[in-house]
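The values are calculated or read from the model by the stated rules, or taken from the named source; none is laboratory data. Given the structure is predicted, the values throughout are model-derived calculations rather than measurements. Here Cβ is always computed from backbone atoms with ideal geometry, including for glycine, and neighbour counts include all displayed protein chains.
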Amino acid sequence: MWLEWVIKGFVLCFVLLTGFAYLTLYERRALARMQVRVGPNRAGYQGLLQPIADAVKLIFKEELTPARVYKVVFILAPVLTVVPSLILAAVIPLGTSFMLGDREITLYVANLNVGILYIASIASIAVYGIVLAGWSSNNKYAMLGGIRSSAQMISYELSLGLCFAIAIIMSNSMNLNEIVFAQRDMWFAVMQPVGALVFMIVTLAEVNRAPFDMPEAEQELTAGYHAEYSGMKFALFFMAEYQKMIVICMIAATLFFGGYREFWFLKDTFLSVDQNWFLGPIYLLLKVIVLLFFMIWIRATWPRIRYDRLMAFGWKILLPLSLVLVFVTATGILLAQELNNQLYYYSIPVLSIISAIVAVAFIYRDLRRKSNGRI
Amino acid sequence: MGVFDPVIELTRGLGETLRSFLFERTVTYQYPEVKREVRPRFRGRHVLKRYENGLEKCIGCSLCAAACPADAIFVEASENTDEKRFSPGERYASTYEINMLRCIYCGFCEDACPTEAIVLGDNYELSFTDRRQAIYTKDSLLEPVPASEMLTPRKVDSGVFTRSVPEMKDPTD
C-alpha cells in the first residue's frame, strides 16, 4: 500500500525535476526564436542535452559562501524554496486511474479534500525561502529583493485566493479531483474567462516571472535575492522558480482549463479520458506547455513594471476586480440554481467581461493621471 | 488616447513577438560551420606580404615597431646578400615577432610600413593556451610563397634587387 505512494511520489519528483530541466531549454529556445536567434542547439540533437550540460556545470562549480552571512539560514534558504515547489504538485490530479493487475492505480499522489487550501498554504511557504535568502546574504541588494518578493507575494496572494474561490464556487468543492470532474461539461475558463486571465496574471507575480520579476530585477538589484549564491545553491533557486512555473501552470490548467480532461466537446468520443486513461497526463502536459508558452511569450514582450505600479496594480485593480468576479460568479450560480433558470449561467461571463472593461478603464484613468503629474 | 489603448498596445507587442517567433528567419550564423565574411577594412591578424616574385616585402626597418602604441612588435634586421636574398635591398627582418596579447589591432603598423609589407588580414580566430603561444613569429605571419620555386632565401643575380623600397609610379599614391 505505502509502496504505491512512495513510487508515485518519486515519479512525480522525477517528472518535475526533468520537466524543470527541459523547461529551461524550452524557454531559452522559444525566447531565442522570438528574438530572431537560434538558442542553444549544440549539445545533442537540437540542444536536447543542454540541460544535462548545465546541470553538470552547476554541480561542479565552486560554491562560495560569503564571509559574513548567517550560515544556517543561508544554507537552509534554497532548500526551503525548492521543497514547497516540489510538494505543491502532490495534490494535482494527473489523470483518472488505471488497473494494474487487480489494483486500481490513481494518477495523483494525494486526494486531499482541501486541496486548494493546501496549494494556497504551500505556495506561500516558498516565499520564506526567498526572504530568508535575501536576509541571510548580508547584502543590501539581496535584502531588497527578498523584501520586494514578500511584499509582492502578500499583495498578489489575495487575488490568487479569490481566484481559487471562483473555482471553488463553480465546482462546489475544494478537492482538485472534483474540480476537474466539474469541468467535464465546460471549462471554467469559458464560464469565467476574466477569472482565468486574472489567475494567470497573479501567477506570474506569484512565481516572480516577467513582467513582475521585481525580486530579481537585474538592472536594479543585480540578481536580487540570490545575488550571493553560486554553484548548486543557486541552481536550487533556479530549480525552484522553474518548478513553480510548471506547477502553477498545472494548477491553472486544473482550475480553469479542465485539468487532465479533454476539450468539453470531445466528451463522448474516443479522445475522452474516460475511455483512455493514458490521455489524461498527455492532455495535462499539452495544456501546461501552452500555458508555459504564454509565460515565455510575455517575458519576451513586456518590460518590467515599476515597483510602485506593481503594488498599485495588485491592490487597486486586481484585488477589487477579483472580488467583483467572485461576487458575479456566486450570484450567477445562486440565481441559476434558486430560480432554476440556466440563462443566469450566461450572466457570469458577460458580467465579468464588463467588470474587466471597467478595470481597464480604471487602469487608463490611473495612467492618465500619472502622465498629467497629478497623483 | 482611448481607454483601450494600453491593452491594445500590449497586445500589439505580443503580436510582434509572436510574428518573429513564427515567421522571421534567425540571423544567427552557425559559427564554426558557417563563417561570416569580414568587411574589406576589417583588421584581423597580421600578414607579412610578399612580392609577386616571392621576395618578402619586409625590409626590417622597424618603423612598425616604432609606430606600435602597444609595443607589441619586435623586429631584428640582418643583411641581405645576393647569395641569400630574402627581400629587395640591403636588409631583411631576421626576427619578426608580434605579441598578440599586446596588439590592439589599431593598424598603425600598416600605416607606418614603407613597403606595405605588414597588413592586418581577415583572420580573427586567434586562440592560444599560454603566453608563449601568443607571440607570433615570422614563420606564422609570413604569407606563403606564390609558387614552390620562389622560396626565400634564394640566390639571385647581383645588381638586380638594389632598392629596398619599390619605385612608385604615382608618388601621391
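Applying a threshold of 6 Å to beta carbon distances and a minimum spacing of six or more residues, or different chains, the list of pairs starting in segment B:12-40 at a residue that is at the interface with another protein chain (Cβ under 9 Å from one of its Cβ atoms) and ending at one that is in a helix (DSSP H, G or I) and among the β-branched types (Val, Ile, Thr) reads B:Gly13/A:Thr301; B:Leu14/A:Thr301; B:Thr17/A:Thr301.
Out of curiosity, is B:Arg43 part of a loop (DSSP other than H, G, I, E, B), within 14 Å of chain A (Cβ to nearest Cβ) and either over 30 Å from B:Tyr136 (Cβ atoms) or in contact (Cβ under 8 Å) with a residue 40 or more places away in the chain (or both)? Don't jump to the end; show me each part of the working.
Values: part of a loop (DSSP other than H, G, I, E, B): yes; within 14 Å of chain A (Cβ to nearest Cβ): no; either over 30 Å from B:Tyr136 (Cβ atoms) or in contact (Cβ under 8 Å) with a residue 40 or more places away in the chain (or both): yes.
No: the conditions fail for B:Arg43.
Among the residues of segment A:7-42, those identified as of a type outside the set (D, E, K, R) and within 14 Å of another protein chain (Cβ to nearest Cβ) are A:Tyr26, A:Ala30, A:Leu31, A:Ala32, A:Met34, A:Gln35, A:Val36, A:Val38, A:Gly39, A:Pro40, A:Asn41. In this entry, A:Leu286 is excluded by the filter for residues that are under 30 Å from A:Phe74 (Cβ atoms), at pLDDT 85 or above and surrounded by fewer than 24 Cβ atoms within 10 Å (Cβ to Cβ). For segment A:185-199, a residue qualifies if it is of a type outside the set (Asp, Glu) and in contact with a helix residue (DSSP H, G or I) (Cβ under 7 Å, 6 or more places away or on another chain), and the qualifying residues are A:Met186, A:Trp187, A:Phe188, A:Ala189, A:Met191, A:Gln192, A:Pro193, A:Val194, A:Gly195, A:Ala196, A:Val198, A:Phe199. Being more than 19 Å from the chain's Cα centre (by Cα), modelled with pLDDT of 80 or more and surrounded by fewer than 16 Cβ atoms within 10 Å (Cβ to Cβ) holds for only one residue in A:Val38, A:Val56, and it is A:Val56. Restricted to segment A:239-262, and to residues there that are in contact (Cβ under 8 Å) with a residue 40 or more places away in the chain and assigned to a loop (DSSP other than H, G, I, E, B), the residue that is nearest to A:Ala210 (Cα to Cα) is A:Phe257.
Residues in segment A:292-310 that are assigned to a helix (DSSP H, G or I) and either in contact with a Phe, Trp or Tyr (Cβ under 9 Å, 6 or more places away or on another chain) or under 15 Å from A:Ala252 (Cβ atoms) (or both): A:Leu292, A:Phe293, A:Phe294, A:Met295, A:Ile296, A:Trp297, A:Ile298, A:Ala300, A:Leu310.
Out of A:Val324, A:Val360, one residue alone is free of Cβ contacts under 8 Å to residues at least 40 places away in the same chain, within 14 Å of chain B (Cβ to nearest Cβ), in a helix (DSSP H, G or I) and under 29 Å from A:Lys244 (Cβ atoms). It is A:Val360.
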